[in-house]
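The values are calculated or read from the model by the stated rules, or taken from the named source; none is laboratory data. Just so it is clear, the model here is predicted, and its values are computed rather than measured. Every residue, glycine as well, gets a Cβ built from its backbone with ideal geometry; the counts of neighbours run over all protein chains shown. Areas reflect the complete protein model, heavy atoms only, side chains present, ligands, DNA and RNA absent. Shrake-Rupley method; radii C 1.70, N 1.55, O 1.52, S 1.80 Å.
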Amino acid sequence: MSDDSAQPTQQQIVESLSERERVFLQRVLEIESSRLHLKSDAGTVDALYEAIQKVVP
Amino acid sequence: MILSRISLENFRQFKGKQSFSLDVNDDKTVSLLFGANGSGKTTLLNAFTWCLYGDVSEDVEEKHRLATDIVWQNAVEDSEIPVSVEIEFLHGDSRYRARREGSVRKRLGHEQQIQANFALWRTWAGQTESLDGPQEKMNSILPKRLSRFFFFNGERIERLAKDEAYAEVKEDIKILLRLEQVERALKHLPTLKTRLGGDLRKHGGEEVGALQDEIDENARLRDQNREALEASGTELQVLEREIGDIRRLLEEHAAVGPLQGQLHAAKENREKAIKAKEDHVQLRKVLVGSRGHIGLCGKLAEKTAILAEALHQRGALPAPIKREFVDSLVAEARCICGTDLAPGTAALASVEEWRARAGLAEVEASWQRLSGDMKAIKDARQDLRSHLQEITAEIEKDLRSVSYWDGEVADLTEKTRDVPYEDVVGLQSKEKELDNRLFDVRLRIKGLQEEQENLFKQQQELDTKLKKAQVAAGVASTTKERIEIVDACDGALRQILDLRSTEMRRRLDEKVKNVFSRITIKPFYPELTDDFKLGLYHVGADGKARPVAKGTGENQVLSLSFVAAISELAREVAREETLDSSLDAQGHFPIVMDAAFGSLDRNYRRDISRALVELAPQMVVLVSTSQGQGEVYSELQPYLNHLGIILAHTTAGTDKSQKLEIGGHELAYIDAKSDIDWSELLEVEL
């Protein structure tokens, strides 16, 4: 990614998050990636709910 | 995903168990397989997609007949024929084995639909495990929708560059460039937040509860607004596609437009001439109906006049002068013959009788009128005749006009026959109507976007308030913390999506331009628009860029450039990606091409071979001899790791056998002496 513009880079955006936020963000993307082929959204929010409970028990 | 091997069992032409190595070795990234027409190149391409996704392409006939025909024919009734395809590949730090297998039962001579199972094994750090949800996992490695970029038939690939493919391609690219999952996360996180809000309302007290109600209402409105935006976006896409189709047709028919105008005018003139002829025929009918009897009188009037004149000349016609003359004879008492007309004489009585018979003035006048009437009838007849002659002349003129316009219509129809008929005028009016609708939809979208922005600001304010709100320790505090994390991720993903969308389009556009310029000799350049539409342009003498009407060749080159660009960008993205460690090296995809170069000429084949081999981490190329020998082989040869033949065994007869000479090898290509029809995968030693 180019970082010579005024906008923050993706790296900078991710680094601005706390450790727990980063872990959750990574988990969110994993869940969404694994469910890309599914037409139905059912179950995705459950998986995300479970993920946030693990990050903040 | 780098392919290592494909193994087939009784899959279509490939009888029994067969296997072919596909692995790569440093710069040796190409597997080249030659096959005659019908030998099974397309089948082999479909073996990949059937194994990985359970699908075969639309151009495969008799899709349900997966088992090899000869094996099927030789099988005994009620027996089961195993059918399978197995693919081994590397992905990230693991080795995978994907296998789809089933069996076909022969019952009453019918081949039943195969019920195949899919399994996926992963070997990592020396341990092999069978993966749960194998199809789901496979889709996370290479989503099915994306496979069209990497497993394709060269003769059909130009579809990628066609307008109607844009919407789908855009979505596919989002997956490849990791935009789709971000978009989906941004859709799901607010729902998660609402759910967490429910927990907070339960445990957080009155103030937090009220705040949460406002947050929920805001979320509901944003949801509603987002749905309206999505619907409007779809409507916009449909309208743009329709207007694009119309503009393309108008462009294609630009030359035929004036001809169509002339044809319209000729048809109108012909109609006018027909109408004028019918009017004149009608007028003639009315004339004959009302005054035709005059014509039927023939020479009656003339004859009557002559007769009356003759009577008059002979004195047989009573006239006023005759009575006065007789009166004078009586007064003189002497007839013109000299006889005395004395009173009481027989001579006087006779003359007086003549006098009485000399006729009344009325009779005379009647005869005079008759003479006049006869002239009037004669004149009317003459007038009728002239009028009828005039009308007949007009009708003849009309008929000549009808015949002339008939000829014109036929000529112009002939001239427009070779182009598909499109009503240019109708299309222009439809274009205008769609333009107006487009304007309305864009305006609506702008309004919805502004509304969404406002709701978003409102949401941020509410989030800040919630953050500051005091809650008791325990469940409420934990939930509040969870909500804050979800909020932070939502904000970060929003920024990431914005960044990625702009950046990815720019980079992909740059790459497509680069690849295309290396392949084509034409002064065209491609451009990927903000909404991922791929167009081809030409800069005219006036310095203005205009879209190029793409032919099949241009579309194929453009599509192949696009695939090459995507392949390279996907690799770059994967290298740069640090966020999502589970998807390491996801950007490495093989390109498996059947009929690789479609109908392209030799130069294009050479340049495309060169471009693809430089950009793709692995290539499996399935070609016929006419497509693959010469420049294609020369370009690919330095990168060859595997060379293969799909040997077609046929029952066609000995004279059909063929050999192929390539790289110093003479290889059997078609074996026409076989007792049965089947195909064999043979690896040639390099």
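Here are some notes:
- Entries of B:K174/B:K457; B:K137/B:K511; A:K54/B:K202; B:K303/B:K375; B:K187/B:K480; A:K54/B:K137 with Cα pairs more than 18 Å apart: B:K174/B:K457; B:K137/B:K511; A:K54/B:K202; B:K187/B:K480; A:K54/B:K137
- Within chain B, longest stretch free of exposed trypsin sites (Lys or Arg not before Pro) [DSSP loop, at most 11 other beta carbons within 10 Å]: B:1-298
- For B:N153, distant residues with modelled amide H under 5 Å away: B:D594
- The charge dipole of chain B, taken about the Cα centre with unit charges on the Cβ atoms of Lys, Arg (+1) and Asp, Glu (-1), comes to about 1280 debye, rounded to the nearest 20.
- Counting DSSP beta bridges with both ends in chain B, the antiparallel % (nearest 5): 75
- Placing +1 on the Cβ of every Lys and Arg and -1 on the Cβ of every Asp and Glu, with no other charges, gives the stretch B:618-686 a dipole of roughly 80 debye about its Cα centre.
- The separation of the stretch B:41-113 from the stretch B:611-637, counted between C-alpha centres, amounts to 27 Å.
- Paramagnetic reach from A:E50 in the stretch B:486-508 [backbone N under 13 Å; point 7 Å along Cα→Cβ]: none
- Shielding by other protein chains, B:183-189, mean Cβ within 10 Å: 6
- Around the Cα centre of the stretch B:459-503, unit charges on the Cβ atoms of Lys, Arg, Asp and Glu (plus for the first two, minus for the last two) sum to a dipole of about 200 debye.
- List B:D411, B:D26, ordered by accessible area with a 1.4 Å probe, largest first: B:D26, B:D411
- Relative to the current alpha-carbon distance between B:A265 and B:K465, full extension at 0.36 nm per residue lengthens the span by 64.7 nm.
- Lys/Arg +1, Asp/Glu -1 at C-beta; chain B dipole; positive extreme among B:S232, B:T49, B:L146: B:S232
- Value of [θ]222 nm, deg cm²/dmol, for chain B, DSSP H segments ≥ 4, -39500 (n - 2.57) each, nearest 500: -20000 deg cm²/dmol
- Take the accessible area of A alone and of B alone, subtract that of the pair with a 1.4 Å probe, and the total buried over both chains is about 3700 Å².
- Here nothing in chain B passes the span test, since no DSSP H helix has an alpha carbon length of 27 Å or more along the helix axis and a Kyte-Doolittle mean of 0.5 or above.
- In chain B, taking the dipole from charged Cβ atoms about the Cα centre, the farthest positive-side position among B:L179, B:H665, B:L348 is held by B:L348.
- Once exposed loop GluC sites (Glu not before Pro) are cut out (DSSP; at most 14 other Cβ, 10 Å), longest piece of chain B: B:78-684
- Furthest towards positive pole of dipole, B:T529, B:V208, B:G426, structure part chain B, Cβ charges: B:G426
- Looking at the protein assembly as shown alone, DSSP beta bridges between its own residues are antiparallel in about 75 percent of cases.
- Average 1/r across all pairs of distinct alpha carbons in the protein assembly as shown, invert it, and you get the Kirkwood radius: 34.5 Å.
- Value of relative contact order over the stretch B:521-669, rounded to a whole percent, pairs C-alpha under 8 Å and six or more apart: 14
- Prolate/oblate/rounded call for chain B, Cα gyration tensor, a/c under 1.5 rounded: prolate
- Cleavage-rule hits, trypsin sites (Lys or Arg not before Pro), the stretch A:7-57, DSSP coil, Cβ neighbours within 10 Å at most 14: A:K39
- Radius of gyration and maximum dimension Dmax of the stretch B:23-173, Cα, Å: 17.8, 53
- B:C51, B:C297, reordered so the largest accessible area comes first (probe 1.4 Å): B:C297, B:C51
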